[in-house]
C-alpha cells in the first residue's frame, strides 16, 4: 500500500454517490460518470487491507470526500488521539477534498457506542463541541464540516434552536457545514419545526456539501415518526426541499447516500441523475 499523498485534492462539483463495498467491482469495471465519491474513512484505517487496496484503485479515477463517523465531537471527553492519528493517515494517503463528521457523540471515557447520538443544545454542549472541533482542525491543519443531525426527540434542557446552535458552532470554531437535506426534512417533520426558518437561519456561505437520502416511517398508534435509515430512494418531499436549497446554494456539491438495503449501482446512478435534473431545472429558472 502506497503511503504517498495523492495531491492536490480537486474541488468537488456536481452530484456524487457514497462508495459502498458491494459496488467496488462495478465502479472499477465500468467507471461510470460520477464527479466524486464519498467514503467513511474509518473503513480504511488499516493500510494493506483489502478495503484499502480497493480504495487506492478507485481513487485513481475519482476525487473523494471523507465523511467520518467516529470522531464523537459532542463527547464531554476530548477527541481520541489514536483515532485522530488514523484519520490523518487516511488524509495523507487519499487526499479527500472535504472532511466531515456529525453533530453528535458516540464515545466517552474509552467506551464506544455504535450510533450517532444526539446532544442537548445548551451553552455547555456548545463549548464542548467547539473545543473538540478546534482540536481536530488544529491537528489536521484543515477545516472540517459538521453535518446537521436527524432527531426523534428533544432534550428538555435544550435552550438553543438547532439552526442557531449550528450557526454558533460555525462562528466559534471556524468549521464549515454539511447540510443534509433529508435530515432537515426528517427533524422538521418529527418536531413541527419550520424548514424555511431552519434553512434561512444557517450561514449559507459555510455550506460546502449537501446530502440526500431516503427515510423510513415508524407508526405506533397515532404517533408517526420519520427515521433517517438511508435505506430507500429520496422522497418527493425531500426532492422539493432540495430544489429550494439549491436555489440558494447552486454550486454546492451534492451526495446521494444509501447505507442499508444497498441496491444495485444503477439505482444510485438513477438517483444521481434526478438530482442533476433538478439542478439543471433550477439553473434555467434562475437564468430566466
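Worth a mention:
- FRET efficiency for residue 223 and residue 139, using Cβ-Cβ distance with R0 set to 30 Å, rounded to 0.05: 0.10
- Within segment 174-192: backbone nitrogen closer than 11 Å to the residue 155 label point (7 Å, Cα to C-beta): none
- Cβ crowding within 10 Å ranks 152, 198 as 152, 198, fewest other Cβ atoms first.
- Label positions at residue 53 and residue 251, each projected 7 Å from the Cα along the C-beta direction, are separated by 4.2 nm.
- Beta bridges by DSSP in segment 1-112, antiparallel share as percent, to the nearest 5: 20
- Shape analysis of segment 15-287 yields a ratio of the Cα radius of gyration to the Kirkwood radius, Rg/Rh, of 0.95.
- Averaging 1/r over every pair of different alpha carbons in segment 17-142 and inverting the result gives a Kirkwood radius of 15.6 Å.
- Exposure proxy ranking, count of Cβ atoms within 10 Å, fewest first, for 205, 282: 205, 282
- By other beta-carbon atoms within 10 Å, ranking 155, 165, 24, 90 with the fewest at the front produces 155, 24, 165, 90.
- Spatially, segment 233-288 and segment 55-101 are offset by 25 Å when compared through their Cα centroids.
- Residue 13-residue 117 pseudo-label distance in nm [points 7 Å out on the Cα-to-Cβ vector]: 4.3
- Spin-label pair residue 85-residue 60: with each label point 7 Å from Cα along the Cα-Cβ axis, the two points sit 3.1 nm from one another.
- Difference of contour (0.36 nm per residue) and Cα-Cα distance, residue 197 to residue 286: 29.8 nm
Here, each number is a calculation from the coordinates, and none is a lab measurement. None of the values given here were measured: they were computed from a predicted structure. Neighbour counts are summed over all protein chains in view; Cβ atoms, including those assigned to glycine, are modelled from backbone coordinates with ideal geometry.
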